[in-house]
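Working notes, beginning with the structure itself.
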Amino acid sequence: MYFKNQESDNMKNILIAAFILIIFAINALSEEDRSKWTEISGKYSWELWKYESGWQEIKSDYDFDAEFIEEIKTHENIKFILFTAAWCSDSRVGTPKIIKLLGMTGHYPSKFTMYGLDREKSEPAGNNYIYNIERVPTLIILREGKEISRIVEYPEESWEQDIAKIIRGK
């Protein structure tokens, strides 16, 4: 009888230890893993987006070409709309770069609007349908309220080169 109780106690201890390990494993998931589960949609500021999406620690150490930064700065009649998603790895890489770039050119935040999309690539106001968004991130460039072009998922050259080419009409 003594051995049976000892086996039972050992089994309880093993189960408790396994439960504790599972809890620690869940809590140890990286921020990146947790953001894959996050689906937020709607219009957002970058600050609120970082908080809601779990991207607080994402920083862009990307170096931009100063020549293109200066060129983009000279165009004041340009506005930008970004469609992004917390669950998308391309968005996670591209969005901080876009925000940093537009900040350096003076277009963020006054000439910038950002929408988060769910996995169906939609958001409550339906702007994804208005702009026919199929992939994220999608950066739409507007001149005098009309779309002149867009960059979908990633740039051909670099964010600043592609935006400068679009703005200059090439």
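The values are calculated or read from the model by the stated rules, or taken from the named source; none is laboratory data. Note that the structure is predicted; figures quoted are calculated from it, not measured. Here the Cβ is made from the backbone with ideal geometry for all residues, glycine too, and neighbour counts use every protein chain on show. With ligands, DNA and RNA removed, areas are computed over all heavy atoms of the protein, side chains included. Shrake-Rupley method; radii C 1.70, N 1.55, O 1.52, S 1.80 Å.
Brief remarks on what is shown
- Computed over segment 54-108, the percent of Cα pairs more than 18 Å apart is 37.
- Distance between the pseudo-spin-label points of ARG135 and ILE20 (7 Å out from Cα toward the beta carbon): 4.9 nm.
- Derived scalar couplings between HN and Hα for segment 131-143 equal 9, 6, 7, 10, 9, 10, x, 10, 9, 9, 10, 10, 10 Hz in order, rounded to whole Hz, by the Karplus curve 6.51 cos²θ - 1.76 cosθ + 1.60 (θ = phi - 60°), x for Gly and Pro.
- Segment 53-170 - share of DSSP beta bridges that are antiparallel (%, nearest 5): 70 percent
- Tensor-based shape of segment 107-169 (alpha-carbon gyration tensor, a/c under 1.5 rounded, otherwise prolate or oblate): prolate
- Computed from backbone phi with θ = phi - 60° and the Karplus coefficients 6.51, -1.76 and 1.60, the 3J(HN,Hα) list for segment 100-112 is 4, 4, 5, x, 5, 9, x, 8, 10, x, 5, 10, 9 Hz; x is used for glycine and proline.
- If R0 equals 30 Å, the separation of the Cβ atoms of THR113 and THR74 corresponds to a calculated FRET efficiency of about 0.90.
- For segment 56-170, the per residue solvent-accessible surface stands at 51 Å², with DNA, RNA and ligands left out and a 1.4 Å probe.
- FRET efficiency, TYR51 to VAL93 (Cβ-Cβ, R0 22 Å, nearest 0.05): 0.70
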